[in-house]
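Here's the structure, in structure tokens; my notes come after.
The values are calculated or read from the model by the stated rules, or taken from the named source; none is laboratory data. These figures come from a predicted structure and were not determined experimentally. Cβ: placed from backbone, ideal geometry, glycine included. Neighbour counts: every protein chain shown. Accessible surface is based on the protein model in full, side chains and every heavy atom, while ligands, DNA and RNA are left aside. Shrake-Rupley method; radii C 1.70, N 1.55, O 1.52, S 1.80 Å.
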There are 2 protein chains.
Amino acid sequence: MAIFGDEKQGNNEFVVTPWHVAGKVDYQKLIEQFGTDEITQELLTRFERLAGGSHHMFRRRVFFSHRDLDKVLDDYERGRGFFLYTGRGPSGPMHVGHLIPFHLTRWLQERFDVNVYIEITDDEKFLEESRGLTLEQSRYWAYENALDIAAVGFDPDKTFIFTDVDYIGNMYPIALKVARKINFSWVRAVFGFNQQTNIGMVFYPAIQIVPTMFERKRCLIPAAIDQDPYWRVQRDIAESLGYYKAAAIHSRFLMPLTGPEGKMSASQRESAVFLNDDPKTIRKKIWRAFSGGQSTLELHRKLGGNPDIDVAYQWLYYFFEPDDDRIKQLHDDYRSGKLTSGDMKSILIERLTEFVERHQTSREEVKDKLHLYMREGRLAQRMWETKFGLEE
Amino acid sequence: MAIFGDEKQGNNEFVVTPWHVAGKVDYQKLIEQFGTDEITQELLTRFERLAGGSHHMFRRRVFFSHRDLDKVLDDYERGRGFFLYTGRGPSGPMHVGHLIPFHLTRWLQERFDVNVYIEITDDEKFLEESRGLTLEQSRYWAYENALDIAAVGFDPDKTFIFTDVDYIGNMYPIALKVARKINFSWVRAVFGFNQQTNIGMVFYPAIQIVPTMFERKRCLIPAAIDQDPYWRVQRDIAESLGYYKAAAIHSRFLMPLTGPEGKMSASQRESAVFLNDDPKTIRKKIWRAFSGGQSTLELHRKLGGNPDIDVAYQWLYYFFEPDDDRIKQLHDDYRSGKLTSGDMKSILIERLTEFVERHQTSREEVKDKLHLYMREGRLAQRMWETKFGLEE
């Protein structure tokens, strides 16, 4: 049984599956339970040397765990190369937390000059019955989300963004070869499926595994830790099909506005800041966010706040304040009581407003270029000409 | 539990599933167990009136059972029309028994001037692990079998022959909608799947159901009775997706050369006559076939033979001797002992050799026309332009 925790978690328990995150996630425990490896300082130093730079989401262990990142670096050093793969389940509008793996993936593409494949799982979000989405709705969001993703600024000749429903014709042969290696008993154990799970969902893991086989190179997957069960299955079958075991780097979840438990959810609009929220909404949401401050200003000045559970500080730390000196200052000043929760929120509001406005501008600009990522860029063109899994 | 019998059948038991037929099939019992309806004389008379003709495979109840054939006739009378769907699992070369539904389907197309859809399930035969076929092998047979099917002489502008792997891009959206309505528990019960069944096979029933939704009309499926479990599932979900419940006519299995048990199998070459067997092989196989005659000629003349278990007579009755007077004569003369088993075999050999030679000639001739059925005929072209299951 690979899932950690179950639906009826108690006080100190939590749940992390591809479809459900609840409770206060203990990331150290997840490493043990999922059997992944911590990103050590030694590995990070080597990585930064090869990347020719450093990213605060690595330094601060937003990406905290990995599988075979060391082998990816070996391959890179030997000139064998690698490629990047990540994705998005288009269940609704995207919030800022959803952009974490995409921003990091774009940075990795710049640093290593590699191909990026981005799968938008319109099939999965329709099959996930509790969402209550029609296929037409999940496809609507697929294209809306594709714009948000393209707006992050990937190389249009080295990036292929596709939806499963659009691209299945090219993936089905290899999906069959993957599916033939996986039995019901296995997906039941890994994904918590049961007798009532619909047969589309039972098949779906094969589809999410396919893009790890788009090249005969090692695939590095930057994604939130909840997606790891797919890569575990992939790693058990890839070599028997003549492909590499997927490598992965796992991110934590950006803390929801409501506080340290669970993850942000598009179905609870008050838990997250969305990429199309206006400045007024952003201000209002952050102002109401859970804070680590004391109940009165007087007490706060005297006892100081707790940055570990302060949403505003956590968001700055994870994503919006890349400067290490500045973030340390914010941390210490909040801890000492010099900085109030209101101060911290004001700083975040400024950063966030600027970020969302910049994103919205990029999104408008990329509308004319989306066809490059999806159909006509150099990589996209080649992908539409390729059928995977048929040996002629 | 919809499957009748199980793998450990005793003396009077038998098994009929889409992947396995064993024992002496009791067709009357199958009607009860599958919950289908017998084709009554009254229904047949009405059918023949509307068809403007009679086919010996109906008269002799080779097609013995149905679902909603009466409703198909209602629709036809009211001008609403219907369409035909059948298929082939490309696990190897085709034998004469495989042609039964195709010959009848072609006859129905001629009589009612309707569209025919023929699905070649290259995905299924790869996923069926006990076959031990690679996907490349099942695809090789898909194209070989497509030639044999096209050779039957369908209307190239009203017939679409496709393999699932080729055509999945157009079927996937509606396959998802079908799959979302079917859970594992259900396919376990209907198809006998278990925990060890691979997830491709678990999903596959959705794929075989899709072509029943190619038109917003009633679909009539001429197929062997072992395929009925798919239509049972289809009939439970079709209306909720806005389509008609599939209608079906069910054929018996042509008796294997080895005698009255099981069905002919491509994996036992001695059990069947293949469409590419040469006259010498045909002669040898029929000569060795199981017969209903007595152990000596003297005894045979005295006691007579049993046509019910005589392979040569059964083949003539089911397929190769359409003339009712002539078949009655053969029956009576064999029963009385006037006709020997050798005589019966000689008659079959002549018919069969002629049939296979004619088939092989048609097969050669149709090679230039296969693209019409698969890509460029009027119906095929329209099918390649259509994506099923997406409401725009």
(message) Going by what's in this entry, would B:Leu297 be described as surrounded by fewer than 14 Cβ atoms within 10 Å (Cβ to Cβ) and either modelled with pLDDT under 95 or charged (D, E, K, R) (or both)?
(response) yes
(message) Would you confirm, using the coordinates I've provided, whether A:Gln33 is more than 21 Å from A:Arg218 (Cα to Cα) and at pLDDT below 95?
(response) yes
(request) From B:Ser341, B:Ser346, B:Ser336, grab the single residue that is touching a Gly at 6+ places or on another chain (Cβ under 7 Å) and open to solvent by 50 Å² or more (accessible area, probe 1.4 Å). (result) B:Ser336
(message) For a quick check of your reading of the model, give me the residue pairs whose first member lies in the range A:317-340 and is among the basic types (Lys, Arg), whose second is part of a helix (DSSP H, G or I), with beta-carbon atoms closer than 9 Å and at least 6 apart or on different chains.
(response) A:Arg326/A:Leu316; A:Arg335/A:Pro307; A:Lys338/A:Arg301; A:Lys338/A:Asp332
(request) Return yes or no: is A:Gln33 free of Cβ contacts under 8 Å to residues at least 24 places away in the same chain and open to solvent by 20 Å² or more (accessible area, probe 1.4 Å)? (result) no
(message) One residue is enough: does the range B:209-226 have a residue meeting the conditions within 29 Å of A:Trp186 (Cα to Cα), open to solvent by 10 Å² or more (accessible area, probe 1.4 Å) and either within 14 Å of another protein chain (Cβ to nearest Cβ) or within 22 Å of the chain's Cα centre (by Cα) (or both)?
(response) no
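Every residue, every condition in (1) open to solvent by less than 40 Å² (accessible area, probe 1.4 Å); (2) closer than 23 Å to A:Thr386 by Cβ, yes or no:
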| position | (1), (2) |
| --- | --- |
| B:Trp141 | no, no |
| B:Asn145 | yes, no |
| B:Ile149 | yes, no |
| B:Val152 | yes, no |
| B:Thr159 | yes, no |
| B:Ile168 | yes, yes |
| B:Ile182 | yes, no |
(request) Have a look at A:Ala289, A:Ala248 and point out the one that is crowded, with 22+ Cβ neighbours inside 10 Å and over 20 Å from the mean Cα position of the chain (by Cα). (result) A:Ala289
(message) Which condition from (1) basic (Lys, Arg); (2) more than 30 Å from B:Leu147 (Cα to Cα); (3) under 13 Å from the mean Cα position of the chain (by Cα) is the one that B:Arg88 breaks?
(response) (2)
(request) Would you kindly identify the helices (runs of 4 or more DSSP H) lying entirely within the range A:217-306 that contain at least 1 residues that are in the same structural domain as A:Gly87 (by TED's automatic domain parsing), in contact (Cβ under 8 Å) with a residue 40 or more places away in the chain and farther than 21 Å from A:Ile347 by Cβ? (result) A:228-237
(message) Suppose the filter is at pLDDT 95 or above and surrounded by fewer than 17 Cβ atoms within 10 Å (Cβ to Cβ); does A:Arg378 pass it?
(response) yes
(message) Criterion first (under 13 Å from the mean Cα position of the chain (by Cα), hydrophobic (A, V, I, L, M, F, W, C) and not assigned by TED's automatic domain parsing to the domain that holds B:Asp323) does B:Ile39 satisfy it?
(response) no
(message) If A:Glu357 meets every condition in (1) within 30 Å of A:Gly292 (Cα to Cα); (2) within 14 Å of chain B (Cβ to nearest Cβ) apart from one, which number is that one?
(response) (2)
(message) So, restricting to helices (runs of 4 or more DSSP H) that lie completely within the range B:87-206, which ones have at least 2 residues that are modelled with pLDDT under 95 and within 10 Å of another protein chain (Cβ to nearest Cβ)?
(response) none
(message) Return the residues of the range B:337-370 that are among the charged types (D, E, K, R) and not in a helix (DSSP H, G or I); say none if nothing qualifies.
(response) B:Lys338, B:Lys367, B:Asp368, B:Lys369
(request) Determine whether B:Arg252 is in contact with a helix residue (DSSP H, G or I) (Cβ under 8 Å, 6 or more places away or on another chain) and at pLDDT below 95. (result) yes
(message) With the requirement that a residue be closer than 17 Å to A:Trp19 by Cα and basic (Lys, Arg), what does the range A:239-277 give you?
(response) A:Arg252, A:Lys263
(message) Quick check on my filter: what residues within the range A:54-113 are aliphatic (A, V, I, L, M) and either out of contact with any Lys or Arg (no Cβ under 8 Å at 6 or more places or on another chain) or surrounded by fewer than 23 Cβ atoms within 10 Å (Cβ to Cβ) (or both)?
(response) A:Met57, A:Val62, A:Leu69, A:Leu73, A:Leu84, A:Val96, A:Leu99, A:Ile100, A:Leu104, A:Leu108
(message) When you check B:Leu390 against the structure, is it of a type in the set (A, V, I, L, M, F, W, C), at pLDDT below 95 and not in a helix (DSSP H, G or I), yes or no?
(response) yes
